[in-house]
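These notes are about the structure you will find just below.
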There are 2 protein chains.
Amino acid sequence: MDRLEGVRRYVDDHAEAMIADLQRVVRQPSVSATGEGVAECARLLVEIMAGLGIEAEVVETDGQPLVLGRARAEREDAPALLVYCHYDVQPPDPLDAWEYPPFEARRVGDRIVGRGTTDAKGNLMALLQAVGALRATGGLPVLLTFLFDGEEESGSPSLPAAVERLRARLQADAAMAFDGGFDAGDIPRISLGTSGLLFVQLRARGAAHDLHSARARLVPNPAWRLVWALATMKTPDERVQIEGFYDRVRPPTEAERALLERAGWDDEAQRRALGVERFIDDLQGIDALERLLYSPTCNIAGFSAGYAGEGSKTVLPATATVNLDFRLVCDQDPEEIARLLRQHLDRHGFADVEMRVLGGSIEPSRTPPDAPIVDVTVEAARQVYGREPRLLPTGDASGREATWLANRLGIPGVQTGIGPPAWRGHAPNEFITVRHYLDGICFAAAIWLLAAERLRA
Amino acid sequence: MDRLEGVRRYVDDHAEAMIADLQRVVRQPSVSATGEGVAECARLLVEIMAGLGIEAEVVETDGQPLVLGRARAEREDAPALLVYCHYDVQPPDPLDAWEYPPFEARRVGDRIVGRGTTDAKGNLMALLQAVGALRATGGLPVLLTFLFDGEEESGSPSLPAAVERLRARLQADAAMAFDGGFDAGDIPRISLGTSGLLFVQLRARGAAHDLHSARARLVPNPAWRLVWALATMKTPDERVQIEGFYDRVRPPTEAERALLERAGWDDEAQRRALGVERFIDDLQGIDALERLLYSPTCNIAGFSAGYAGEGSKTVLPATATVNLDFRLVCDQDPEEIARLLRQHLDRHGFADVEMRVLGGSIEPSRTPPDAPIVDVTVEAARQVYGREPRLLPTGDASGREATWLANRLGIPGVQTGIGPPAWRGHAPNEFITVRHYLDGICFAAAIWLLAAERLRA
């Protein structure tokens, strides 16, 4: 019998127990934003992993703890995979909007409803159940190192330092992550990269306090200072003018362009979804998708000075503040971009403009599409779901997940997920379907079975 | 006996009654912002004026009513003066901060405390009492037309149309106003002009709603649109770049420059008061004062887009708004400047930026220093107060007072006031002193006595 077929049958036979396991984990809150239940959830996972024959431990960090686990393969020379997921969840607010209590994990028809059912406890438990299913049906074909983050929903601020400390224990041939879910049309999505992020606050100061605006003839206006500084940073042609900003931008390879073509892009649907009549530079089709995935931004996320409401209030503001976020692409480095920005301001006469890096900077990441783990994941999706997955050579959002981790460790990585389309991520009434959960277990198993054949072929 | 000496004695002899009259008017609230008591106060003034032999009536407008009065001179060929003041007051909030109820007009030592005691009911009653004092001591030497505004504290929106309707009845040889008070050091201030004001709101729009900032690669950011539009409007050298903006700016005459020199300017004190280390262009001395009084501004009064608080919120804002106020100088016209701004935006590729004029535009005004009413007022101040007044050839603030009214009617005008220094204008515990009130009555009488001699000499 085909090994994947054996896993399928095992999963069908043990579905109720596997669902109960997921419910048990969802019922343990683990809100990283408040800290509620996070440590308890980490201990619960160690217990569950031990029951599946996975050596696991809680690893403390400067923030929320990691759960680190190791599942040995049947064969000594099996390939090694690093498997990332996270066990923390978004806060359940607003509570009133939930049809069922968010930590009850109630089963309603084909759905299990609750915070974390998809993001990411459903994903995480699918990974763990796949170990049990493979072990029970012929053995685990790969060596697995599990790294479960306890603060992904808070931007994983402690992860970079922890990865450095654990570097030796995280070595593997490739990395993978389950998180999130399917695209519309029930299409599995596989992503090979993430954007980086740099978030800075600029502030200019004028008088000691707000003044009557008649004084604007004599007293510098900090809002004008920021306008002039910003105008030197990006021009109306949307080109960032910070010297050196584009130096490390790596355009898509031929193979990546081909993936973009295959992934497809519906201009009309995208414009409708975003609520705009046209895109910057009138971009269309694959050019728009390429811009979205391969170009960095300098975005004004916020600008605040004086009073901009209705009615005339003639004030000369004492301070002005702008928040900027830069989406970065490989191989831009957030720390270097911050340095270049400071240099740019100084060189253009804006040494008086104060600059602070806010929030955690995130490095961009990318895995080459010809890495064996990519084919393995695509083929596994075909086998389990009977359809072609959507393979994106990189992503527009920023996060510290599989490809980020892989880039840190110098290995290839893929990012995918098993939740249903429209699974209400970060919103009330988050759910997973029983089918997506059980299929997800098979998907993990299929990846590992194929990896055993191909990763060291 | 000298006529002014006669007035002084009369005022001294009738001080208690004159104070009681002021208290009566202060006790009648007249808050134009809410409308509270405004109509009642107008009727009260008509009654008081009738008692002083002044023909008075309430004149309705599109907003709060005016009080219009006429006091005939002893001689048919006497010069005619238009006398402006306002009877509405600022709201008394915050009520908790008053030591005595704001509409009780309590006498505390030398002070009368209450909303409007200086601004402008003390000024207004001094003008009216001067009519009574002159009539009782030899006759009124000039023909007076009183125009008392009921919405000055709300920007006098109905005044321009009312002045047009009443134009024939407002004819005079010169205009004057009492409002406000003395400068620090108990120095009377006389001003010969006001700034104009244009207040506009610019708005740019992007997507239909705020988006995840990763989309900034494709979707235009309205905050950047406003930054780029603003950067074309004023450059870091503080020059406004709107085509034609400076065309009508009239620099100071030799006589006006001489007045600036005489008025004086203490750089250190001014910088300390405004809380800045240096002025724009490192301006100092009379050059700073000239810039303050004779140059127009384009001021960012407010800029609002997205989120500019602490913590990283990576949003692509759907709209951005900026409020701009332009302080204008003679002979700039607010309506023309608004047209030039719209043309500028269109010509520079910002036809998409929406523009609305907010609040009432105000024309700048200026009276030549060699007009006879100027010397009359200065000399009257010397006679009554025994010191040299501070004569400013124009003012940095904007309002529809004596010089604005005078410019409308094609006559010269002066703006002065009788309240004490630091009289807590627009703030809790506003007051006037008995001395400033009684001296103010003599000041009005002295102006009129001198005007009778010199205005048609």
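Okay, here's what the table says:
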{"read-out": "Degrees, to the nearest 10: A:222-233 long Cα axis against longest axis of chain A", "value": "60 degrees"}
{"read-out": "Protein accessible surface hidden between A and B, which excludes ligands and nucleic acids, total in Å², probe 1.4 Å", "value": "5800 Å²"}
{"read-out": "Residue-averaged beta-carbon neighbours from other chains (10 angstrom radius) around B:96-103", "value": "0"}
{"read-out": "Kirkwood Rh (inverse of mean 1/r, distinct Cα pairs), segment A:344-417, angstrom", "value": "15.2 Å"}
{"read-out": "Order by protection proxy (mean Cβ within 10 Å, highest first), peptides A:124-134, B:38-48, B:95-105", "value": "A:124-134, B:38-48, B:95-105"}
{"read-out": "Kirkwood hydrodynamic radius of segment B:171-284, Cα pairs, Å", "value": "19.9 Å"}
{"read-out": "Cα pair distances exceeding 15 angstrom across segment A:140-234, given as percent", "value": "79 percent"}
{"read-out": "Inverse mean reciprocal Cα-Cα distance (Kirkwood Rh) of segment A:29-90, Å", "value": "12.8 Å"}
{"read-out": "Crossing angle, helix B:15-26 versus chain B [Cα axis fit, 0-90 degrees, rounded to tens]", "value": "30 degrees"}
{"read-out": "Quarter of Cα convex hull surface for segment A:303-457, i.e. mean projection, nm²", "value": "14.9 nm²"}
{"read-out": "Length-normalised contact order of segment A:301-457 in % [C-alpha pairs under 8 Å, at least 6 apart]", "value": "19 percent"}
{"read-out": "Contact order normalised by residue count of chain B, Cα under 8 Å, 6+ apart, percent", "value": "26 percent"}
{"read-out": "Radius of gyration and maximum dimension Dmax of segment A:237-371, Cα, Å", "value": "18.7, 61"}
{"read-out": "Interatomic Cα distance distribution for segment A:216-266, bins of 10 angstrom, percent", "value": "19, 25, 25, 17, 9, 5"}
{"read-out": "Partner chain coverage, peptide B:290-299 - average Cβ within 10 angstrom", "value": "4"}
{"read-out": "Per-pair calculated FRET efficiency, R0 = 45 Å: A:GLU354 and A:ARG70 via Cβ, rounded to 0.05", "value": "0.45"}
{"read-out": "For residues of B:267-279, the mean tally of beta carbons on other chains within 10 Å", "value": "4"}
{"read-out": "Segment A:1-145: antiparallel DSSP beta bridges as a percent of all, rounded to 5", "value": "75 percent"}
{"read-out": "Rotational relation A to B, axis-closest Cβ in chain A, residue and distance rounded to whole Å", "value": "A:ALA231, 2"}
{"read-out": "More than 15 angstrom apart: percent of Cα pairs within segment A:66-163", "value": "68 percent"}
{"read-out": "Highest to lowest packing among A:429-442, A:374-387, B:366-379, B:212-225, scored as the average C-beta count within 10 Å", "value": "B:212-225, A:429-442, B:366-379, A:374-387"}
{"read-out": "Chain A: angle of helix A:372-385 to the longest principal axis, Cα-based, in degrees nearest 10", "value": "70 degrees"}
{"read-out": "Heavy-atom accessible surface of the protein assembly as shown: percent carbon and sulfur, 1.4 Å", "value": "46 percent"}
{"read-out": "For chain B, radius of gyration divided by Kirkwood radius, i.e. Rg to Rh on alpha-carbons", "value": "1.02"}
{"read-out": "Isotropically averaged projected area of segment A:305-392, using the convex hull of Cα atoms (one quarter of hull area), nm²", "value": "11.2 nm²"}
{"read-out": "Reduction of at least 50 Å² in accessible surface, 1.4 Å probe, comparing all protein chains with the chain by itself, residues of segment A:323-366", "value": "A:ARG327"}
{"read-out": "Dimensionless Rg ratio for segment A:1-135, taking C-alpha atoms and the 2.2 N^0.38 Å reference", "value": "1.13"}
{"read-out": "Summed residue charge, Cβ within 15 Å of B:ALA80's Cβ, Lys/Arg positive, Asp/Glu negative", "value": "+1"}
{"read-out": "Calculated P(r) tail over 45 Å for the protein assembly as shown, as whole % of Cα pairs", "value": "47 percent"}
{"read-out": "Total formal charge among the other residues, if their Cβ is under 13 angstrom from that of A:ALA263, Lys/Arg +1 and Asp/Glu -1", "value": "-3"}
{"read-out": "Radius of gyration and Dmax over the Cα atoms of segment B:351-392, both given in Å", "value": "19.5, 60"}
{"read-out": "Whole-number percent relative contact order across segment A:19-166, with pairs defined as alpha carbons under 8 Å at least 6 apart", "value": "34 percent"}
{"read-out": "Residues of the protein assembly as shown: accessible area per residue with a 1.4 Å probe, Å²", "value": "37 Å²"}
{"read-out": "D_trans [Stokes-Einstein, Kirkwood Rh over alpha-carbon pairs] for segment A:398-447, 37 °C, 0.692 mPa s, µm² s⁻¹", "value": "257 µm²/s"}
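The values are calculated or read from the model by the stated rules, or taken from the named source; none is laboratory data. This is a predicted model, so every value here is computed, not measured. Here the Cβ is made from the backbone with ideal geometry for all residues, glycine too, and neighbour counts use every protein chain on show. With ligands, DNA and RNA removed, areas are computed over all heavy atoms of the protein, side chains included. Shrake-Rupley method; radii C 1.70, N 1.55, O 1.52, S 1.80 Å.
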